[in-house]
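The structure under discussion appears below in the form of structure tokens.
No lab work stands behind these numbers, since they all come straight from the coordinates. Keep in mind that what you see is a predicted model, and the values were worked out from it rather than measured. Cβ: placed from backbone, ideal geometry, glycine included. Neighbour counts: every protein chain shown.
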Ligand SMILES: O=C(O)CC[C@@H](O)C(=O)O
Ligand SMILES: [Zn+2]
């Protein structure tokens with residue numbers, strides 16, 4: 001029997017895609033940077049089916065490429081071009097299995113859309129805090145596999161910090177049920193952490209127990225202009241001190257990004273009459289009714305203004321205004337498409353080093369590529385900056401992208417000097433898996449390879465990614 005015939009015994013006909021028109025969306029990423037081939041796209045409906053598919057693939061020596069919402073930025077969900085593989089989409093496994101408000105946990109299947117999990121938590125008067133721009137279409141399995149970050153890491157951590165248990169189909173098809181809902185469990189190695197951030201190279205995550213938190217009752221959202229990047233550090237310290245544990249987001253928006261959004265994304269606006277070099281979008285939240293978090297934010301920002309740490313500030317007076325300010329944060333991401341080609345760097349340095357890093361990296365990038373537009377924004381509060389470079393005016397997009405490797409090197413060498421990371425929240429995928437070798441200590445690489453060989457001796461799980 002052929003592999004397709006055997007898959008047809010496991011799956012409903014509509015869950016086994018082989019026609020080019022049906023498989024096409026699964027064979028490329030949304031930015032169309034990568035394109036691959038596959039024998040078929042399989043869309044199992046439960047863990048048992050995933051297990052049978054993986055066992056079959058293992059026996060036949062066919063690779064498995066797990067895929068969630070296909071919103072990734074590093075090409076981890078796109079199959080290789082040799083075609084001897086199956087794309088395993090988790091999209092049909094999208095059930096919330098259970099929610100336990102008293103234990104502050106939710107158990108979800110890997111194909112749940114992030115927003116669906118947020119909404120289920122809210123319905124139970126709880127918060128699932130992971131939040132990022134793709135939340136309407138990215139899926140939890142992908143969030144776990146890339147250890148997704150986003151805009152609330154400062155307060156709640158990234159996906160590694162939000163997962164308590166996992167269910168995983170191992171590369172030989174066996175199911176590991178590690179769906180424990182415990183906050184304490186010191187019974188040996190923390191195996192779930194191997195699969196989180198592994199980008200599907202060690203197994204297929206099929207379900208997870210996630211942490212919930214008290215739902216915020218009050219939030220203060222502010223947009224401020226800063227006189228210098230150095231000032232942002234003292235401001236961050238002051239806001240954390242003033243607000244107790246309430247500072248949730250501290251996002252950097254440079255003038256160039258705001259201008260680009262105003263020019264290209266309808267609905268964008270300038271919150272202040274005069275231009276400023278850089279801005280911050282700040283949010284504090286409290287789960288206490290009448291917590292006074294708005295007053296705390298107002299007082300802290302007034303004091304910061306008197307101390308010369310900010311030059312202008314506006315605080316949202318209602319939900320609609322807060323939404324409008326957050327819209328600007330999304331618009332600056334969208335606006336990146338406008339100038340043509342963009343070379344992305346998803347880097348992290350220790351928070352205190354961000355201003356110095358930004359200054360040095362900007363000078364180096366501008367010297368390496370005259371006319372380049374530095375578009376550096378993001379999660380300043382946790383040290384993760386999207387240090388993106390836009391093509392110089394008048395340059396052809398392809399001539400600029402031809403410089404990718406050289407410019408990556410310029411930026412990442414500086415990141416390394418600051419003891420940073422060249423992939424903070426988007427993962428390595430096939431975008432940075434070669435480059436990371438230059439920066440990751442050989443001993444760490446060797447350990448990763450040993451773990452890979454132990455768990456996936458046939459090397460069938462998502463080949464060509466991460467390692
Ligand atoms: O476009 C990017 O480089 C980053 C996208 C995303 O991580 C964000 O923070 O908005
Ligand atoms: Zn980001």
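Against the chain, whose longest principal axis is taken from its Cα atoms, helix 47-60 shows a tilt of about 60°. Listed by Cβ neighbour count within 10 Å, with the fewest neighbours leading, 260, 284, 305 appear as 305, 260, 284.
Compared with the dominant Cα axis of the chain, that is its longest principal axis, helix 319-334 is turned about 70°.
Starting from the Cα of residue 451, move 7 Å in the Cα-to-Cβ direction to define the label point; list residues of the stretch 205-221 whose amide nitrogen is under 12 Å from there. Zone members listed by number: none at all. Each residue, residue 317 and residue 288, gets one label point 7 Å from its Cα in the Cβ direction; the gap between the two is 2.7 nm.
Shape class of the stretch 1-119 from the Cα gyration tensor (axes a ≥ b ≥ c, square roots of the eigenvalues): oblate, since a/c reaches 1.5 or more and a/b does not exceed b/c.
Counting other Cβ atoms within 10 Å as a rough exposure proxy, the listed residues 89, 81 run 81, 89 from fewest neighbours to most.
Label-to-label distance, residue 125 versus residue 182, with points set 7 angstrom from Cα along the beta-carbon direction: 2.9 nm. Per-residue Cβ neighbour counts within 10 Å put 236, 258 in the sequence 236, 258, beginning with the fewest. Shape class of the stretch 218-335 from the Cα gyration tensor (axes a ≥ b ≥ c, square roots of the eigenvalues): oblate, since a/c reaches 1.5 or more and a/b does not exceed b/c. The calculated FRET efficiency for the pair residue 33 and residue 269, based on their C-beta separation and a Förster distance of 35 Å, comes to about 0.65. Seen through its C-alpha gyration tensor, with square-root eigenvalues sorted a ≥ b ≥ c, the stretch 339-426 comes out prolate because a/c lies at 1.5 or above while a/b is bigger than b/c. Going 7 Å from the Cα of residue 259 along its beta-carbon direction, which residues of the stretch 313-337 have the amide nitrogen within less than 15 Å of the resulting point? Hits in the stretch 313-337 for residue 259 at 15 Å: 336.
For the stretch 149-169, backbone nitrogen atoms closer than 11 Å to the point 7 Å from residue 100 Cα along Cα-to-C-beta are found at 165.
Summarising the label geometry, the points placed 7 Å from Cα in the beta-carbon direction at residue 302 and residue 404 lie 5.1 nm from one another.
Between the helical axis of 114-123 and the longest alpha-carbon principal axis of the chain there is an angle of about 70 degrees.
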